[in-house]
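Undergrad: Just passing along the structure, written as structure tokens.
The values are calculated or read from the model by the stated rules, or taken from the named source; none is laboratory data. These numbers were taken from a predicted model, which means no experiment stands behind them. Please note: Cβ atoms are built from the backbone with ideal geometry, for glycine as well, and neighbour counts cover all protein chains shown.
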Amino acid sequence: MTEIPPDLADAIELGCGARADAFGAAGVEAAAREAMARLGVGSVGGLARALLGNPEELRAFCESLCVPETWFFRQPESFDMLAELAAGCGGFMRVLCAPCSVGCEAYSIAAVLERAGVDFEIDAVDFSEKFIEAARSGEFGKGCFRSKRAADFGYFAGGGGRAKMPASLSKRIRFRAADILSEGSAEGKYDVIFCRNLAIYLSARAKRRLFDRLLSLAADGAVIFCGHADGFADSDPRFERAGPARAFAVRAARTGDARKLRKIPNRETAAKPRGLAEMSAAGGCTGAAAENFDSDIRSLRALADRGLIGAAREKCSALLCSHPDSPGLNLLAAQIFSASADLENAEKYFRRALYLDPGNADASLGLKLVRRRLAREA
């Protein structure tokens, strides 16, 4: 097979969103011959028709094309940046790893976050049920240890060139067979998303669906780690680059003053907690402007204390437009939204307050409480 027949290519795109040529003609031919023998069809055209008429067989065929080319701490700069994010996350981080292949990436993420001392949960999904089964086993051979970074973590070494992941990591990861392009494959919002080396395989239509899905799953300010050739920021203006170049990270694009919120907190900054009283509520204003802003904050607090939540929300929204990078205002906004049972906005502004002031205990506690309420209502 020097060229992949169009009807078979269409079936592959329908089944998994991938371009057939991304797998190579030889790989598709080998999978096609095996499927033809199993289904008892005598031509590639007959195979395409059989696959299109049987969703389970189509999924199995697409799965047979997938190769688990993965190892622990692949693109180590991404994990360095993850550690920096963890240092300033406020104590909890929700991560999506998709596709997760046989689990090396998900366990690498878990190892970094465990070492950072933060509370976390990881959802790891992959199209291949076979890969998910391997990931759940938590057992890996020497081919997964090609990165020198793995030696920094004791549980990534084992006798005979094999290792078994510890329960401290595996219990924090939920592995599930699902197509990330489909609704329901992942739910809620994520602080960090690893989606590396998937977009490069997809058709233009599927790539757009992937980007739509990731943006819908990304929490405000979330970081998305991608592959070096996936082309998120190059092909879609809804993304902008974030962090060091070799981390291959992007975020949802913003404009104007909102870009001030993009700075990644480093370990030195995150190690200096500050209370609300120490923060500049005016977010950098000085002189008369700061005095006016402080007066606005006092009147906003008074509205909230009197139970006039509707008026407080309106005034708060206006102030946020002019002072989006004030940690104190974002924290107060979160508290006001929480009081009015608007938990999604409360979570958003607690998260933003922590992003601007990573050591703030009030914001950290508030975020944890809101997340618990959201979990109970889910």
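Undergrad: Considering segment 214-245 alone, what residues qualify as being crowded, with 20+ Cβ neighbours inside 10 Å and under 21 Å from C16 (Cβ atoms)?
TA: L214, L217, I224, C226, D230, F232 - these are the residues of segment 214-245 that are crowded, with 20+ Cβ neighbours inside 10 Å and under 21 Å from C16 (Cβ atoms).
Undergrad: Could I ask something else about it? Among the residues of segment 342-365, is any over 25 Å from V118 (Cβ atoms), assigned by TED's automatic domain parsing to the domain that holds D294 and surrounded by fewer than 24 Cβ atoms within 10 Å (Cβ to Cβ)? Spell out the reasoning first.
TA: Taking segment 342-365 first, the residues over 25 Å from V118 (Cβ atoms) are 342.
Next, from what is left, pick out any that are assigned by TED's automatic domain parsing to the domain that holds D294: 342.
Then keep just the ones that are surrounded by fewer than 24 Cβ atoms within 10 Å (Cβ to Cβ); that gives 342.
The answer is yes; a qualifying residue exists.
Matching residues to (1) surrounded by fewer than 21 Cβ atoms within 10 Å (Cβ to Cβ); (2) assigned to a helix (DSSP H, G or I); (3) in contact with a His (Cβ under 8 Å, 6 or more places away or on another chain):
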| residue | (1), (2), (3) |
| --- | --- |
| I12 | no, yes, no |
| E34 | yes, yes, no |
| P99 | no, no, no |
| S108 | no, yes, no |
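Undergrad: Mind checking which pairs have a first residue in segment 162-191 that is closer than 20 Å to A18 by Cα and a second that is among the acidic types (D, E) and outside any loop (DSSP other than H, G, I, E, B), Cβ under 6 Å, 6 or more apart or different chains?
TA: If the second residue must be among the acidic types (D, E) and outside any loop (DSSP other than H, G, I, E, B), the pairs left are A177/E129; A186/D123.
Undergrad: A follow-up question, please. Kindly provide the set of residues from segment 341-355 that are assigned to a loop (DSSP other than H, G, I, E, B) and farther than 14 Å from S317 by Cα, ordered by number. Spell out how you get there, then give the answer.
TA: If we filter segment 341-355 for residues that are assigned to a loop (DSSP other than H, G, I, E, B), which is where we start, we get 341-342.
Listed by number, the list holds a single entry, A341.
Undergrad: Hey, another quick one. Which pairs have Cβ atoms under 6 Å, sit 6 or more apart or on different chains, and link a residue in segment 127-152 that is within 21 Å of V112 (Cβ to Cβ) to one that is assigned to a helix (DSSP H, G or I) and at pLDDT 85 or above?
TA: G138/S170; C144/C104; R149/P76
Undergrad: Report yes if some residue within segment 53-66 is of a type in the set (G, A, S), within 32 Å of the chain's Cα centre (by Cα) and under 22 Å from R136 (Cα atoms); otherwise report no. Walk me through it before giving the result.
TA: Taking segment 53-66 as the starting set, the residues that turn out to be of a type in the set (G, A, S) are 53, 60, 64.
From what is left, the residues that are within 32 Å of the chain's Cα centre (by Cα) are 60, 64.
Adding the requirement that they be under 22 Å from R136 (Cα atoms) leaves 60, 64.
Within segment 53-66 (the criterion being of a type in the set (G, A, S), within 32 Å of the chain's Cα centre (by Cα) and under 22 Å from R136 (Cα atoms)), the answer is yes, since at least one residue qualifies.
Undergrad: Check F350 against each of (1) closer than 22 Å to E377 by Cβ; (2) out of contact with any helix residue (DSSP H, G or I) (no Cβ under 9 Å at 6 or more places or on another chain) and name the one condition it does not meet.
TA: Condition (2) is where F350 drops out.
Undergrad: Could we say that I132 is farther than 25 Å from S64 by Cβ and at pLDDT 95 or above here? Please lay out each step first, then the result.
TA: Numbers: farther than 25 Å from S64 by Cβ: no; at pLDDT 95 or above: yes.
Answer is no for this residue.
Undergrad: Does A110 satisfy the criteria of being touching a Lys or Arg at 6+ places or on another chain (Cβ under 8 Å) and modelled with pLDDT under 90?
TA: It is false that A110 is touching a Lys or Arg at 6+ places or on another chain (Cβ under 8 Å) and modelled with pLDDT under 90.
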